[in-house]
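The values are calculated or read from the model by the stated rules, or taken from the named source; none is laboratory data. Just so we're clear, the structure is a prediction, and the values are computed from it rather than from any experiment. Note: ideal-geometry Cβ built from the backbone for every residue, glycine included; neighbour counts use all protein chains shown. Protein only, heavy atoms only, side chains kept; ligands, DNA and RNA dropped before computing areas. Shrake-Rupley method; radii C 1.70, N 1.55, O 1.52, S 1.80 Å.
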Amino acid sequence: MLRSANELINYTMEATDDDIGRCKDFLFDDRHWVTRYILVDTGKWLPGRKVLISPISLGEPDWATRRFPVDWTTEQIENSPALDTDAPVSRKYEQLYFDHFQWPYYWTGGELWGATPYPPATPVPPTETGPSLKEKQEELEKTHLRSYREVKGYYIKTTDGEVGHVDDLILDDETWRFRYMVVDTRNWLPGRKVLISVEWIESVSWLENEVQVDVASEAIKNSPEFDPSQPVNREYEMVLYDYYGRPKYWER
């Protein structure tokens, strides 16, 4: 099901033996727009420390009570590799993190989550393929993780102008991939919001806070309006894709 990232902020994160805090942010892979971690605000429990929760560790969310169950104890979380508050999440840290929980690396393999299109349900020891990690040290230092909170507010550049800014991202709660940007066009079309697929993004300027999309301004002006109070269902998606004349991702 597709869900608003805005709505998921402040969900309670529930370990097997106690609550650990609230969802503060999503860190996503800027190549595939897949959420790799939930950043948790632990309050007074672990002050001054970032806690990252991978979707791999999540149980079935309780959407009614706004809770994310985590298949760890508080002790396991506290003993996981520490990340300094102001430090970026490097690939070297991710390797330590995934090794600690004996998960396969998502950055190996051809699917969104390494060997599978979904977060793997059963942890298995990671295996290396191709060149060793030492030989690929330069690649390991690269990070492709971006903050959902950072992207909110980025300007949307079309093929012929500017139409608004990113107001929200719409998440697939099975794959944890962002499917759409919610674009607020109030500076151009007052009071109107529309959806643009992340597959229609041509580039992102992280320095200039801009998202370039392969869509014309006039097309966005007349596109199906998005109502944030209503769920994004398949019927709406079909209307949206038919309007833009784009291939539907669920039919590939």
- Message: Looking at Ser223 and the list (1) assigned to a helix (DSSP H, G or I); (2) open to solvent by less than 40 Å² (accessible area, probe 1.4 Å); (3) modelled with pLDDT under 95, which single condition is not satisfied?
- Response: (1)
- Message: Restricting to region 184-210, give me the number of residues that are modelled with pLDDT under 95 and aromatic (Phe, Trp, Tyr).
- Response: 2
- Checklist (1) open to solvent by 10 Å² or more (accessible area, probe 1.4 Å); (2) closer than 30 Å to Ile196 by Cβ applied to Ser80, failing item: (2)
- Item | Close pairs from region 172-184: first on the phi < 0 side of the Ramachandran plot, partner among the acidic types (Asp, Glu), Cβ under 6 Å, at least 6 apart | Arg179/Asp172; Val182/Asp167; Val182/Asp168; Asp184/Asp167
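Does any residue of region 33-45 turn out to be farther than 22 Å from Met181 by Cβ, charged (D, E, K, R) and open to solvent by 20 Å² or more (accessible area, probe 1.4 Å)?
Filtering region 33-45 for residues farther than 22 Å from Met181 by Cβ gives 40-45.
With the extra rule that they be charged (D, E, K, R), the set shrinks to 41, 44.
From what is left, the residues that are open to solvent by 20 Å² or more (accessible area, probe 1.4 Å) are 41, 44.
Yes, some residue in region 33-45 is farther than 22 Å from Met181 by Cβ, charged (D, E, K, R) and open to solvent by 20 Å² or more (accessible area, probe 1.4 Å).
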- Contact list, first residue from region 101-115 and of a type in the set (D, E, K, R), second anywhere and open to solvent by 30 Å² or more (accessible area, probe 1.4 Å), beta-carbon distance below 6 Å, six or more apart or interchain, is Glu111/Pro117
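So which residues in region 17-53 are among the small types (Gly, Ala, Ser) and modelled with pLDDT under 90?
Our first condition is that a residue be among the small types (Gly, Ala, Ser); within region 17-53, this holds for 21, 43, 48.
Matches in region 17-53: Gly43, Gly48.
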- Task: From (1) at pLDDT 95 or above; (2) touching a helix residue (DSSP H, G or I) at 6+ places or on another chain (Cβ under 9 Å); (3) among the aromatic types (Phe, Trp, Tyr), pick out the condition that doesn't hold for Tyr11.
- Result: (2)
- Here the residues within region 190-218 that are farther than 23 Å from Ser4 by Cβ and aliphatic (A, V, I, L, M) are Leu207, Ala216
- Inter-residue pairs, beta-carbon under 9 Å, first open to solvent by 40 Å² or more (accessible area, probe 1.4 Å) and in region 146-158, second assigned to a helix (DSSP H, G or I), 6+ apart: Lys152/Ala5; Lys152/Asn6
- Note on the structure: Restricting region 201-220 to residues that are in a loop (DSSP other than H, G, I, E, B) and either acidic (Asp, Glu) or within 28 Å of His144 (Cβ to Cβ) (or both), the one least open to solvent (accessible area, probe 1.4 Å) turns out to be Val215
- Count, please, the residues in region 226-252 that happen to be part of a loop (DSSP other than H, G, I, E, B), surrounded by 16 or more Cβ atoms within 10 Å (Cβ to Cβ) and over 19 Å from the mean Cα position of the chain (by Cα). 1
- Select from region 91-106 the residues that are assigned to a loop (DSSP other than H, G, I, E, B) and over 20 Å from Glu174 (Cβ atoms) and write down the one among them that is most open to solvent (accessible area, probe 1.4 Å). Gln102
